[in-house]
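Input: a single structure, listed below in structure tokens.
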DNA sequence: AGAATTTCCCAAACCGCTTTGAGGACTGAA
DNA sequence: TTCAGTCCTCAAAGCGGTTTGGGAAATTCT
């Protein structure tokens with residue numbers, strides 16, 4: 001059932017039918033109703049490809065993942081994408097995933113721009129002075145960044161959680177409890193989110209005239225194994241830290257394993273704070289002792305980013321969006337006063 | 001730069017240029033080369049939407065996730081999709097993700113069929129007598145199932161790992177080691193993969209005239225918390241199992257936590273075998289003791305499924321594919337003789 | 001009543017590509 | 001020289017929508 005058939009059925013022109021269905025004012029309400037009813041009765045659906053060709057809009061949003069596997073591996077990304085995809089689906093947008101392939105990420109954006117494959121893209125895991133935003137500005141593709149760059153330029157839309165504030169709060173909680181040796185098991189610090197976390201951590205230490213010794217810090221991929229290995233390493237240092245600040249639940253899982261193995265009681269001999277992105281398969285509250293966390297749902301962030309991007313696509317002239325989400329510090333059982 | 005401009009530039013007709021670029025034989029080699037060079041020089045790329053409209057092929061593969069969040073949460077799915085997406089990208093196919101929205105999964109397939117949004121779909125996490133394959137057969141959309149149904153019908157293409165065999169092997173290893181009380185922490189058994197695993201487990205027990213007592217079994221979502229809770233539960237039964245068979249690494253992680261908490265030495269007082277899908281953030285070998293696993297990369301499965309689907313799309317007439325992958329049992333340190 | 005609007009609808013052009021059906025320019029054979 | 005057979009190229013007709021530029025009928029204004 002296509003437009004031509006439908007309009008013949010109704011003894012109307014294609015124009016009128018098209019306008020009736022798309023809500024244009026040039027058609028009488030009675031006619032519109034008649035068209036809508038008949039369309040529903042016959043189960044007419046406009047062909048998406050034809051519409052795209054005619055309008056130049058694709059009604060699709062693109063996510064591109066680098067061929068380098070280390071990014072897509074992260075379950076964080078899929079939860080984020082899931083949150084976004086749901087919003088897109090509700091708004092009648094498709095979600096396009098581009099992972100790897102021969103082109104590099106920038107080339108994919110170029111192609112997207114050339115053949116109008118997508119109406120917008122979302123940039124994930126930005127790093128300091130990320131070249132992607134310059135390219136996208138150039139290509140005039142609507143986009144939004146999940147996270148922020150760390151440059152002086154501020155010519156892009158973004159949504160970010162307050163990573164710096166969160167880790168500052170978390171660190172402060174620990175220093176208030178008397179901890180002076182606090183380790184940080186962080187994500188890759190070429191990514192801004194991890195960088196901001198470290199800065200927050202250092203800021204809170206500085207308030208107490210403490211400073212972080214390099215051996216207490218780790219920066220790397222957020223795997224269980226890294227969490228285990230590095231927790232074990234720092235906890236075996238001659239002057240071992242009494243608290244660990246950990247950037248992901250996966251790493252926390254490894255760290256708990258390390259503590260158990262070393263026979264260190266969590267919340268007593270060693271305090272743990274983790275960042276919880278709200279992944280559904282790993283619950284901070286269910287741990288024993290329950291885990292003190294900085295908490296922010298990455299899935300919700302995905303949804304909100306989707307909304308912002310759609311708004312941006314609707315009104316490209318609207319001012320750039322910048323949204324910073326507060327992150328709650330939820331104190332549970334894994335933090336306690338520093339042992340003496 | 002579109003086809004019309006390019007052909008004008010070359011003083012050729014659109015037909016000839018199109019044919020030259022698409023490898024049709026009706027054009028002289030010299031002409032083809034001239035066209036190709038000019039196209040490359042000017043950076044011409046055919047408009048994807050126009051091509052789709054003209055050919056009726058979308059060069060896209062669809063994944064649809066139910067609005068019910070419990071499926072998409074699973075990091076397994078994203079790893080699978082990542083593996084597939086990479087293949088699609090290499091073959092010039094887009095990957096379409098549809099998560100939630102107002103339509104239910106079946107309605108989305110219907111829409112896909114009506115407006116040719118995708119050239120094929122992949123069905124994940126099939127359950128017994130899954131209605132999706134009947135619908136897809138009806139709609140004539142090329143598709144492939146990751147996993148199998150459990151019905152007598154066999155009219156679909158699939159790729160599956162030998163879940164039954166794997167868990168049978170694993171259970172046999174344990175009975176050979178003298179274990180007689182073996183618990184199974186399984187995925188949701190309305191899904192065939194989990195059902196097959198239970199059947200394999202029961203078959204191996206039956207070989208020794210053992211049978212599984214209900215309290216030793218759990219079926220549910222593969223979360224860390226479920227692993228912890230259920231491991232703890234079974235290990236506190238009056239007649240506690242000496243070995244645990246666990247369906248995912250996330251659950252293993254929880255189970256290890258439970259063992260540590262109960263002071264049970266893994267590989268000595270309690271043996272553990274986990275199924276390892278090769279997720280990059282959770283390494284079985286890195287555990288202490290290293291974990292005995294049944295191992296099969298779900299990412300590789302994603303890639304292979306993608307290949308099979310693309311073949312199917314190329315030649316719809318070709319016979320249905322059915323590919324059963326053997327699963328290796330890798331014996332490491334978490335299994336030992338049954339304590340007496 | 002006649003002019004000026006407004007309302008409603010239509011034919012046709014267009015989006016950019018593929019593909020059909022046919023024609024012109026060669027070749028080689030008769 | 002003529003005719004059939006290749007080889008190469010083209011104009012035009014789709015694909016299925018949207019959008020422009022009118023035009024006829026109905027309404028309002030003088």
Taking residue A:209 in one copy and the same position in all the others, each labelled 7 Å out along Cα→Cβ, what are the pairwise distances from the first, in nm, shortest first? 7.8
In nm, what does the list of distances from residue B:57 to its counterparts in the other copies look like, shortest first, when each label sits 7 Å along Cα to Cβ? 3.0
For B:44-52, mean number of other protein chain Cβ atoms within 10 Å: 6
Taking the Cα atoms of the stretch A:163-296 alone, what are Rg (to one decimal) and Dmax (as a whole number) in Å? 13.1, 39
Set of the stretch A:170-184 residues, backbone N closer than 19 Å to the point 7 Å along the Cα-Cβ line of residue A:300: A:170
Going by how many other Cβ atoms sit within 10 Å of their own, how do A:230, B:29 line up, fewest first? B:29, A:230
Within 10 Å of each Cβ of B:91-98, how many other protein chain Cβ atoms are there on average? 5
So how far apart, in nm, are the two label points at residue B:91 and residue B:332 if each is 7 Å from Cα heading toward Cβ? 3.3 nm
Before anything else, pin down the relative contact order of chain A: Cα pairs under 8 Å, at least 6 apart, normalised by residue count, whole percent. 17 percent
Taking chain B as a Gaussian network, Cα atoms linked when under 10 Å apart, which of B:18, B:219, B:248 shows the biggest mean-square fluctuation? B:18
Partner chain Cβ atoms within 10 Å, averaged over the residues of B:287-298 - can you pull that number for me? 1
By average C-beta atoms within 10 angstrom, highest first, the peptides B:82-88, B:187-193: B:82-88, B:187-193
What is the Cα centroid distance between the stretch B:177-252 and the stretch A:193-254, reported in whole angstrom? 36 Å
Using only the Cα atoms, what convex hull volume per residue in Å³ does the protein assembly as shown have? 189 Å³
Could you identify which residue out of A:124, A:14, A:91 has the top mean-square fluctuation in a GNM of chain A using Cα springs shorter than 10 Å? A:14
List the distances, in nm and shortest first, from the label point of residue A:92 to the matching label points in every other copy, placing each point 7 Å from Cα along the Cα-to-Cβ direction. 3.1
For chain B, just run the numbers: alpha carbon Rg, then divide by 2.2 N^0.38 Å, N being how many residues it has. 1.26
Build a GNM of chain A with springs between Cα atoms under 10 Å: which of A:146, A:98, A:127 gets the top mean-square fluctuation? A:98
So how do B:203-216, B:48-61 stack up, highest first, on mean other-Cβ count within 10 Å? B:48-61, B:203-216
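Quick note: the coordinates plus some simple rules give every number you see, no bench work behind them. Small disclaimer: the values here were computed from a predicted structure and weren't measured. Note that we place each Cβ from the backbone using ideal geometry, even for glycine, and neighbour counts take in every protein chain shown.
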